[in-house]
Amino acid sequence: MSNDTRYEVVVVGAGPGGIAAACCAAESGKSVAVIDENAVAGGQFWRGGLSQYGTRQASQWLKRSQAVSIDWLENARVVALRSPDTLAVCRTDSEDVRTVRFGRLILATGARELFLPFPGWTIPGVTGVGALQALTKSGLDIHGKRVVIAGSGPLLPVVALNLKQYGADVLLVAEQAPEDRVGRFAASVGEQYSTDTWVERVSSNGDGELAVDIRQSGDSIRVQCELLACAYGLVPNSELASLIGCRVRPDATIEVDAQQSTSSAGVYAVGEVTGVGGANAAIMEGQVAGYAASGNTEALEPVLAQRDRVREITERTYAAYALREEIFRLAEDDTIICRCEDVALGSLLSFAAGRTAKLQTRCGMGPCQGRICGPITTRLFGWSSGSVRLPGSPVSLGQLAALGDR
Amino acid sequence: MSDTRAHIVILGAGIVGSACADVFVSDGLRVTLIDRSFPGSGATAEGMGHIVAMDGSPEELALSSYSRELWHSLSGSLSSSCEYRRFGTIWIAANDRHMSAVAAKHRVYDAIGIESHILDPAQLYRQEPNLRPGLAGGLLVPDDVVVYPPAVARELVDRAVARGAAAIFGVDVVRVDGPTVYLADRQEITGDVIINALGIGAPRISPHVPVRPRRGHLVITERVPAFVHHQLVELGYLDSAHGTSPVSVAFNVQPRATGQLLIGSSREFDVENSTVDWEILSRMVRLAVDYLPNARSLDAIRAWTGFRPASADGLPYIGPDPYNENVWLATGHEGLGITTALGTAHLLLDQLRGRSTAIPAEPYWPARILEESRGER
């Protein structure tokens, strides 16, 4: 076990919200560390690092983060609280473990994609939308590939444009929401963007070719492609918050007050974990939490109002993507719900509660610990996601043994 | 019990209550089974599911080996969801002192007809190549079993219900007065006999029964098929299970039918909260990777705690409650609830029917403890 350095402010997650929080705390004179699973800070939005992005926003935060002293603990994952003021941290690229003590803790753990099951959603060639973008950025050759992007949310057209830049042949961007709500996004993608449109099923004919059955404005069409990227928005990564004891709502968002403070004293939360809102909202919330955690009331005051304005705009934006009922009725009895344990819809139907189903079918008991199927069963059956169990993410037995070794 | 259609009300659908329901109904009794949640959702879901001939005392061995036989007989009718596997147990001797204990254990098993084989180091490593070098040997007990307890409890209940048992789930028992059980939803159910199989909750209905929760930790890994082939337990385990020290940890690793490893075990008295204790968890895991060095790189995916219902003297309470003529007890099984559930059910049935029991029933009568404590008052 290596050192357990103490920082006045520790931020978990180096996406836009976490970076903003860390900068503001450091500018307020606090000792700051940022813990992130990836090799380079940036999160999902600035994946690969801020220096890669030419935007004014990215360069502004790159500059601010370089002007102060912040300890970046990269390739590191927080497993749990080791004690009330100490995080148990594991390296993701080695067997090393360490503890990190904090005065204040800021959770900026982001969100993952929401998958909803339809026949065929688990076959090879079907991915998440953000997942396909991430794969492409890390080297997947998508040039000339025929791609269908489907699901819901503002990420769809963004990823479509991005994949086109990488040379993909984007055949269709299927947005389930009606046009009157999200019409303005259509212009950015062009004619492939289609509202009132969703995937009903997908099958493979064996030679890498997918047949996607699509419902489009009341009609059924079939599109042949090589890749289907499908996701229905985002689910907050609030497992660590649950383990710490922060109050988490049934939709998995962390409860926070006006200063981004959670129900646990000294613990703040910012960005997607508090409600999906995009990078702009996360940056504003990060500033609020960074100043609040540092007791910098002077700097805090002006960003509070800015944060509220950005939140209001994003909430309106995301409300447009409310999911239609049909999406929840696509799975058939033999459609897999829990990928880790191969549990199909039909074997879950007789259970009234999530915990019974979990114990009897192992739904949610696999390596991902319900991160994928939990949000699905919450939406399909109204089951609560249940308590989060240690470790917050898989950790080797060697690391687990070492973490208690003090 | 002369009335062949007597009505038995069973409180608690853990593995013990579920086994009682199935066994009683098969013998023609009328059964109502009551649980505040659903079958197998308490300690039954929290433990290992190791069906083991355990020789902590002659009485423990008598009950566990009798019950193990009953499981063997039942196994053919259990569905695949119960994950019944006759993996066997290897008791591992780390040193020569342990090896002499192996010889003694072998004699004990031999005397009551339980198959076991002494393993020298070469034989041990042939059976379990992932064990660390330098061990002295072990004792293989081939007919010990691993099951998935919540599914077994559910299946026993389903069988009982299919044969006419009544089941009331999701409703708590408030109190018992004479032959009547009062439920939280204002139902009143009167039986000829009430079985208190509430595990650590037994004192809620029978306050005089000394049952203490004894907390344990478990960790389960990712799937690594054939990493170990038997339940592996260090010989020091019995010291941990039967000692009275406030905290004890022993090497106890189980292969699951899924290919996962279930890693135990720890014992603590007088801890009520279910929060995982890092010190204990890591002590337990350190022991596991000490015996199985290659397990160091396996991912742990979940750790949890559970509470065993520990009796005052290490033996379960099976038999009439001397304080209440309508109530019979079936609790205090501590860590052997899965193993001894069927034996418990048959001991109760035979006594209720006034038949002779397969093994002497007196050692498990609650009176042994309760008469004593009554005398002290």
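Laboratory data are not the source of any read-out in this text; all were calculated from the coordinates shown. Computed from a predicted structure; not experimentally measured. Virtual Cβ from ideal backbone geometry, glycine too; neighbours counted across all protein chains shown.
Counting other C-beta atoms within 10 Å, which of A:Trp121, B:Trp91, B:Trp304 has the fewest, and how do the rest follow?
B:Trp304, A:Trp121, B:Trp91
Starting from the coordinates of the alpha-carbon atoms of chain B, obtain the Kirkwood hydrodynamic radius over all distinct pairs and give the value in Å to one decimal.
21.1 Å
Unpartnered cysteines of chain A (Cβ-Cβ under 4.7 Å counts as a partner)?
So far as the 4.7 Å Cβ criterion goes, A:Cys23, A:Cys24, A:Cys90, A:Cys225, A:Cys230, A:Cys246, A:Cys340, A:Cys368 stand without a partner in chain A.
Report, in whole Å, the centroid distance computed from the Cα atoms of the stretch B:198-217 and the stretch B:247-307.
23 Å
From the alpha carbon gyration tensor of the protein assembly as shown, can you work out the equivalent ellipsoid semi-axes (sqrt of 5 times each eigenvalue) and give them in Å, largest to smallest?
52, 30, 26
Would you mind telling me which residue in B:Gly49, B:Gly76, B:Gly164 has the biggest mean-square fluctuation in a Gaussian network model of chain B, where springs connect alpha carbons within a distance under 10 angstrom?
Result for chain B, Cα springs under 10 Å: B:Gly76 fluctuates most.
P(r) of chain A in 20 Å steps, Cα pairs, percent per bin?
Spelled out bin by bin, chain A gives 26, 57, 16, 0 percent.
Using Cβ contacts closer than 10 Å as the measure, can you line up A:Lys358, A:Lys137, B:Lys105 from fewest to most?
Fewest-to-most ranking of A:Lys358, A:Lys137, B:Lys105: A:Lys137, B:Lys105, A:Lys358.
Could you work out how far helix B:15-26 tilts from the main Cα principal axis of chain B, as a 0 to 90 degree angle to the nearest 10?
Taking Cα atoms only, the helix is inclined about 60 degrees.
Gap in Å between the Cα centre of the stretch A:217-252 and the Cα centre of the stretch A:353-406?
17 Å
For chain A, what is the relative contact order in percent, using Cα pairs closer than 8 Å and at least 6 residues apart in sequence?
18 percent
If you project the alpha carbons of the stretch B:1-115 onto the principal axes, what extent comes out on each, in Å, largest first?
55, 33, 25
Calculate, for A:Ser94 and B:Ala358, the FRET efficiency according to 1/(1 + (r/R0)^6) with r their C-beta to C-beta distance and R0 56 Å; round to the nearest 0.05.
It comes to 0.50.
Within a Cβ distance under 9 Å of A:Ala344, other residues only, what is the Lys/Arg minus Asp/Glu net charge?
That works out to -4.
Work out how far the C-alpha atoms of the stretch A:8-124 reach from end to end along every principal axis, then list the three figures in whole Å, largest first.
54, 40, 24
Based on the Cβ-Cβ distance from A:Ala299 to A:Asp4, what FRET efficiency comes out when R0 is 22 Å, to the nearest 0.05?
Rounded to the nearest 0.05, the efficiency is 0.15.
At A:Lys164 and B:Ser100, where each label point lies 7 Å from the Cα along Cα→Cβ, what is the point-to-point distance in nanometres?
Here the answer is 8.3 nm between the modelled labels.
Between beta-carbons, use under 14 Å as the cut-off and find the net charge around B:Ser81, counting Lys and Arg +1, Asp and Glu -1.
+1
Taking the 0 to 90 degree range and rounding to the nearest ten, how far is the long axis of helix A:56-67 tilted relative to the main principal axis of chain A, both from C-alpha atoms?
30 degrees
Sort out for me the Cα centre separation of the stretch B:44-91 from the stretch A:79-109, rounded to whole Å.
41 Å
Mind checking A:360-369 for the average number of partner chain beta-carbons within 10 Å of each residue's beta-carbon?
4
Please state the relative contact order of chain B as a whole percent: Cα pairs under 8 Å, 6+ residues apart?
Value for chain B: 23 percent.
Would you please classify the overall shape of the stretch A:131-232 from the alpha carbon gyration tensor, given that a ≥ b ≥ c denote the square roots of the eigenvalues, rounded means a/c under 1.5, and beyond that prolate means a/b larger than b/c while oblate covers the rest?
Note, shape of the stretch A:131-232 comes out oblate.
All other residues with a Cβ under 12 Å from the Cβ of B:Asp27 taken together, and with Lys, Arg as +1 and Asp, Glu as -1, what is their net charge?
Spelling it out: positives minus negatives among the neighbours equals +3.
Against the longest principal axis of chain A, how steep is helix A:297-319, in degrees 0 to 90 to the nearest 10, with axes from Cα atoms?
10 degrees
Most exposed first by the Cβ proxy, i.e. fewest other Cβ within 10 Å, how do B:Val108, B:Val176 rank?
Going from least to most buried by this count: B:Val108, B:Val176.
At 7 Å along Cα-to-Cβ for each site, give me the label-to-label distance between B:Arg86 and A:Arg309 in nm.
Result for the modelled spin labels: 7.6 nm.
Rounded, prolate or oblate: pick one for the stretch A:261-406, where a ≥ b ≥ c are the square roots of the eigenvalues of its C-alpha gyration tensor, a/c under 1.5 means rounded, and failing that, prolate if a/b is larger than b/c, else oblate.
Oblate shape, in that a/c is at least 1.5 and b/c is the bigger or equal ratio.
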